[in-house]
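See below for the structure under consideration.
The values are calculated or read from the model by the stated rules, or taken from the named source; none is laboratory data. The structure displayed is predicted, hence computed values, not measured ones. Backbone-built Cβ (ideal geometry, glycine too); neighbour counts: all protein chains shown. The protein model used for the area step is the full one, side chains on, heavy atoms only, and it has no ligands, DNA or RNA in it. Shrake-Rupley method; radii C 1.70, N 1.55, O 1.52, S 1.80 Å.
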Amino acid sequence: KAGVTQTPRYLIKTRGQQVTLSCSPISGHRSVSWYQQTPGQGLQFLFEYFSETQRNKGNFPGRFSGRQFSNSRSEMNVSTLELGDSALYLCASSLEPSGSSGANVLTFGAGSRLTVL
Amino acid sequence: QKEVEQNSGPLSVPEGAIASLNCTYSDRGSQSFFWYRQYSGKSPELIMFIYSNGDKEDGRFTAQLNKASQYVSLLIRDSQPSDSATYLCAVNSRDSSYKLIFGSGTRLLVRP
């Protein structure tokens, strides 16, 4: 059974550019969550999607956006990149949304490491 | 106050010892508690989860939950150098619309 697949794994951008990251969840998983991980802040929740709808959003500026497609694949976009956006972006999938039941376990992808110069 | 707090460590223990990792949380309505392990340069992987007060054992790992005191802990028995990693506590918080909130993690070093 394939795990959570994130692409690209590594990318370098310059300030002001925009970036799109992709996440393919485990087959059958309908919920996708995105997290930003930095050494100083740890894992910070970005958003969660279920059935193409955003269910939850973290405390990030509007430059961070996402969407989910009918096949449960998800993308996140960051516009007008800033140096502070350099981070590991992790996608995690689960069968159901976070609050649906206690058995909802997140499985993480390998992440997309973004460097902003 | 952070929603989920962990001591950043490093916690250093000798091989074969018991490692005790602690986590406190702020939302009394939290229902689900997870421990993830993250090796350097890798993504987090689930070790175990717990919902009810008390202990839950899985091999060398035991999770302990005390909702009255709002803490959850992870015990690793017979620690091995391969257990050296960062351990992340995660809480499914009602205050946060039930999204999974992670602590900043505790780095564990197991000395051979």
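Listing for the model above:
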read-out: Test item: A:39-47 mean partner chain Cβ contacts at 10 Å; value: 4
read-out: Shielding by other protein chains, B:47-54, mean Cβ within 10 Å; value: 1
read-out: Nonlocal amide H pairs with B:GLY105, under 5 Å, H built at 1.01 Å; value: B:GLN6, B:CYS89
read-out: Förster-model FRET efficiency, 35 Å R0, B:TYR39 and B:ASN66, C-beta, rounded to 0.05; value: 0.80
read-out: Derived scalar couplings ³J(HN,Hα) [the range B:5-14; Karplus, 6.51 cos²θ - 1.76 cosθ + 1.60; whole Hz; x for Gly, Pro]; value: 10, 9, 6, 6, x, x, 9, 10, 9, x
read-out: Carbon and sulfur %, accessible surface of chain B computed with the full protein complex present, 1.4 Å; value: 45
read-out: Cβ-defined net charge surrounding A:PHE108, 12 Å radius [Lys, Arg +1; Asp, Glu -1]; value: +1
read-out: Heavy-atom surface of the range B:26-72, accessible at 1.4 Å and reported per residue (Å²); value: 50
read-out: In nm, spacing of pseudo-spin labels at A:LYS13 and B:ARG111 (7 Å Cα→C-beta vector); value: 4.5
read-out: Nearest-0.05 FRET efficiency for A:GLN44 and B:SER26, computed from C-beta distance (R0 22 Å); value: 0.85
read-out: Nonlocal amide H pairs with A:VAL105, under 5 Å, H built at 1.01 Å; value: A:LEU95
read-out: Charge tally in the Cβ shell below 10 Å around A:ARG63, where Lys, Arg are +1 and Asp, Glu are -1, A:ARG63 excluded; value: -2
read-out: Number of partner chain Cβ atoms within 10 Å, mean per residue of B:35-46; value: 4
read-out: Anchor B:LYS2: lysines whose Cα lies under 27 Å away (excluding residues fewer than 8 positions away in-chain); value: A:LYS57, B:LYS42, B:LYS56, B:LYS67, B:LYS99
read-out: Packing-based order for B:88-94, A:41-47, using average beta carbon neighbours within 10 Å, highest first; value: B:88-94, A:41-47
read-out: Local electrostatic count at A:CYS23 - Lys and Arg +1, Asp and Glu -1, tallied over other residues with Cβ under 15 Å; value: +2
read-out: Rounded to whole Hz, the Karplus (6.51, -1.76, 1.60) HN-Hα couplings of the range A:31-46, x for glycine and proline; value: 10, 10, 10, 10, 9, 10, 10, 10, x, x, 10, x, 8, 10, 6, 9
read-out: Chain A, relative contact order [Cα under 8 Å, separation at least 6], %; value: 36
read-out: Mean separation of Cα contacts under 8 Å (6+ apart) over length of the range B:1-94, as relative contact order %; value: 38
read-out: Mean Cβ neighbour count within 10 Å, used as a protection proxy, ranking A:110-116, B:78-84 highest first; value: A:110-116, B:78-84
